[in-house]
Amino acid sequence: MTAIIRPTSALRVYIDGKDEVIVESGKTVRETLVTLKIKPELIALVVVAGEIKPKDYIIQEGDIVKVLAVIGGG
Amino acid sequence: MNGYGGSILRVDLATGNIYKKPTPVKLAQDFIGGRGFGAYYLFKEVPQGADPLGPENKLFISSGPLSGLMIPGAGKCDFTTKSPLTGGYASASMGGHFTAEMKYAGIDSIILEGISSKPVYLLIDNETIELRDASNYWGKGTIAVEKELKEKFGEEYQVALIGPGGENLVPYACINHDFGRQAGRGGVGTVMGAKKLKAIVIHGTRSIPVADVKAYRTAGRALYKACKEADFLSEWTRYGTTVVTSWCDEVGALPTRNFSAGSYEDGKNLYGPVMREKIVITDKGCFGCPSPCGKYSRSKKYGSYVEGPEYETIGLMGSNLGISDIEAVAHANLLADDLGIDSISTGNAIGWAMECYEKGIFNKSDTDGLDLKFGNIEATFEMISKIARKEGLGVLLAEGVKKASKKVGKGSEKFAIHVKGMEQSAYATHNATAMLLAYMTCDVGAHHNRSWAITYDLQVGRDLVVPEKVARVIWLQNFRPMFDVLGGCRLQWVELGIDRDLYVPALEAITGIHRTWDDLEKVGERIWNLTRLFWARENPGFDRQWDLPAPRFYEDAPRSGATKGQITKFEDVNTLLDMYYEQRGWTNNGLPSPEKLKLMNLTEFLV
């Protein structure tokens, strides 16, 4: 029961420089981010299959969860 | 000279004298272009103590070596002048297509000097350059006049122009272009209005010399490829800067009711996806842009079409005024654009007036009978018009919140949200010390785009006051404005996260000069120190007091939202400044030390 977290490039430092990381499904995005030691408040956008999801979205099996942090700024 | 249009155009509005001279090679070597050219010319050519609205002040419009070439976002144009809003340095960056036409007309900078005796516009059509009568356009809004000029000359002609706000010398008037792009901040449009210059129409057909065409194509392609392959290209393109609206609300950075809080209870109605669904018609980009952040919108309710609103306008004309109707924000955006006033300063001024009204400092006899409560949409529309036309309460608000609050007194200075007289852009900074310092020390006043450090606050701890935060702010101040020097857009780096080193071979291929980002940051630091000198030269007694933020951020904690009860201590504000000055090599009063100026090779600029 796994899914994939695919963070924006600025967050890859939290996952050893990789493009993506395999995580367990069944947890919220927020819980999963904490597990990965990524502060949820850094995340501006969560996208699954092209749809925006809240951070409390429960990750489903096979999901590819894109998480965007605005590190560079406006 | 490779990468340059090759000439500096001077236009004396008083005499009608117009001439070009070759762009000095040393100027290009030392200051590169754009903002760098503007800072150099401002310091050298505007005499000490010049009235910002007088004949001695000048407006410098500059492209950069990337402008007009096939590099992502290479459509940025810098407008520099002595600010009528702050009395210090003003530099506003504008996207669109204007700067590309400058290069195609063989021009790197346009220097506007003197004051015309009647309204005119400047036509630049390759070598045909002349001032023409603009009496028929004076008094009209920017949208109608740009349309008229486009119809008169042709779609390929680019127009930069002012609205009634600039004509009426509102000190935060902007310059408009392409029906929705602005050089927004610091009153660059006011200076154009003071010179009675309604518009510049420009068209060129020349090519730009490039040092190594093959390498330029290779480097340009690499940049575009990186943009096209970026993870979040589709999301950034879909929402543009409104991606951050919900995030700012969540973390307490969304200005709410004159920055009294950083989260808005009705903020959801303003979020990017809501706006996209309700009002956005299509995306709109600038020259050479692979990730168009502009959103062209329609409000059925108000019958308006507008480019925007983007995040800053949503923050200042939405939540900051207690307005949660995205269609109303879009219409307010259109009014400000058409009248030619900066939506950030305007939203601040109206927010300040609304707080005065709710606190009983103003009553209806002060507000021309308007019930100026937060959330009053119709009153907001009225006030935008009154500011631009300087009518009723608009006369006071048109002075900006620093001067207006000094006149009104009664404690209203405490909630006038500005630094150095420039109203703060749309990030509430009650408990975000790096972002607060970025606003305090920004070279034009409280603007975000030099150093956007708020995520760094969240990464390392938002109330921490440590040297690393200060170093981050300084690094961003030296680095980010270099995009405005080069004539390119920073958002491909900011939003798409492309590797900034991809610009290095592109710049070398274009100019024939190898510069690393270390080299470029040194130029950025030099310009930063020069603009600081300008502030000190123009404002006797300039010292650290000028760098203090609005008291709201160290005295008045939000009563709701994500930052409820949180505040930055005043002693921390001072500690931040101490650290900043030390790391900058400045005195403890915030002035570049003689040693620092020598190190920066700026001693020739000492008065």
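Here are the numbers:
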{"read-out": "Check on B:G189, at pLDDT 95 or above and buried (at least 24 other Cβ atoms within 10 Å of the Cβ)", "value": "yes"}
{"read-out": "Odd one out for B:S234 among (1) hydroxyl-bearing (S, T, Y); (2) over 22 Å from the mean Cα position of the chain (by Cα); (3) modelled with pLDDT of 95 or more", "value": "(3)"}
{"read-out": "Yes/no for B:L53 being touching a strand residue (DSSP E or B) at 6+ places or on another chain (Cβ under 7 Å), under 25 Å from B:C442 (Cβ atoms) and in a loop (DSSP other than H, G, I, E, B)", "value": "no"}
{"read-out": "Among the residues listed as B:Y239, B:Y224, B:Y302, the single one being touching a residue at least 60 places away in the same chain (Cβ under 8 Å) and of a type outside the set (S, T, N, Q)", "value": "B:Y224"}
{"read-out": "Odd one out for B:M94 among (1) of a type in the set (A, V, I, L, M); (2) in contact with a Phe, Trp or Tyr (Cβ under 8 Å, 6 or more places away or on another chain); (3) over 30 Å from B:D501 (Cβ atoms)", "value": "(3)"}
{"read-out": "B:V280 vs. criteria more than 20 Å from the chain's Cα centre (by Cα) and within 14 Å of another protein chain (Cβ to nearest Cβ)", "value": "no"}
{"read-out": "Pick from the range A:1-21, criterion in contact with an Asp or Glu (Cβ under 9 Å, 6 or more places away or on another chain) and of a type in the set (K, R), ranking: surrounded by the most Cβ atoms within 10 Å (Cβ to Cβ)", "value": "A:R6"}
{"read-out": "The one condition in (1) buried (at least 23 other Cβ atoms within 10 Å of the Cβ); (2) assigned to a helix (DSSP H, G or I); (3) away from chain A (no Cβ under 14 Å) that B:I314 fails to fulfil", "value": "(3)"}
{"read-out": "Out of B:N589, B:N574, sole residue that is without any contact (Cβ under 8 Å) to a residue 60 or more places away in the chain, part of a helix (DSSP H, G or I) and not assigned by TED's automatic domain parsing to the domain that holds B:S260", "value": "B:N574"}
{"read-out": "Condition check for B:L437: under 23 Å from B:E525 (Cβ atoms) and more than 10 Å from chain A (Cβ to nearest Cβ)", "value": "yes"}
{"read-out": "Pair list, Cβ under 7 Å, 6 or more apart: the range B:441-453 residue within 14 Å of chain A (Cβ to nearest Cβ) and within 13 Å of B:T429 (Cβ to Cβ), other residue of a type in the set (F, W, Y) and in a loop (DSSP other than H, G, I, E, B)", "value": "B:H448/B:Y427"}
{"read-out": "One residue from B:D501, B:D484 being within 14 Å of chain A (Cβ to nearest Cβ) and either touching a residue at least 12 places away in the same chain (Cβ under 8 Å) or in contact with a helix residue (DSSP H, G or I) (Cβ under 7 Å, 6 or more places away or on another chain) (or both)", "value": "B:D501"}
{"read-out": "2 or more residues closer than 30 Å to B:A353 by Cα: qualifying helices (runs of 4 or more DSSP H) within the range B:211-295", "value": "B:243-251, B:272-278"}
{"read-out": "Residue count for the range B:1-27, restricted to those that are touching a residue at least 60 places away in the same chain (Cβ under 8 Å) and assigned to a helix (DSSP H, G or I)", "value": "0"}
{"read-out": "Criterion (out of contact with any Leu (no Cβ under 9 Å at 6 or more places or on another chain) and more than 30 Å from B:N2 (Cβ to Cβ)) met by exactly one of B:D249, B:D266", "value": "B:D266"}
{"read-out": "Looking only at the range B:457-470, and only at residues there that are within 20 Å of B:Y581 (Cα to Cα) and not in a loop (DSSP other than H, G, I, E, B), the one that is nearest to the other protein chains (Cβ to nearest Cβ)", "value": "B:D457"}
{"read-out": "Per-region count, the range B:419-437, residues under 18 Å from the mean Cα position of the chain (by Cα) and under 11 Å from B:F553 (Cα atoms)", "value": "2"}
{"read-out": "Helices (runs of 4 or more DSSP H) lying entirely in the range B:348-435 (those with 1 or more residues that are touching a strand residue (DSSP E or B) at 6+ places or on another chain (Cβ under 8 Å))", "value": "B:377-389, B:401-408"}
{"read-out": "Count - residues of the range B:247-270 that are facing chain A (nearest Cβ under 10 Å) and crowded, with 22+ Cβ neighbours inside 10 Å", "value": "4"}
{"read-out": "Counted residues, the range B:484-499 - those being at pLDDT below 95 and out of contact with any Cys (no Cβ under 8 Å at 6 or more places or on another chain)", "value": "5"}
{"read-out": "Residue count for the range B:88-111, restricted to those that are out of contact with any Lys or Arg (no Cβ under 6 Å at 6 or more places or on another chain) and among the aliphatic types (A, V, I, L, M)", "value": "6"}
{"read-out": "Qualifying residue in the range B:339-361 (condition: in contact with a Leu (Cβ under 9 Å, 6 or more places away or on another chain), modelled with pLDDT of 95 or more and surrounded by fewer than 21 Cβ atoms within 10 Å (Cβ to Cβ))", "value": "yes"}
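The values are calculated or read from the model by the stated rules, or taken from the named source; none is laboratory data. Because the structure is predicted, anything quoted here is derived from the model rather than measured. Here the Cβ is made from the backbone with ideal geometry for all residues, glycine too, and neighbour counts use every protein chain on show.
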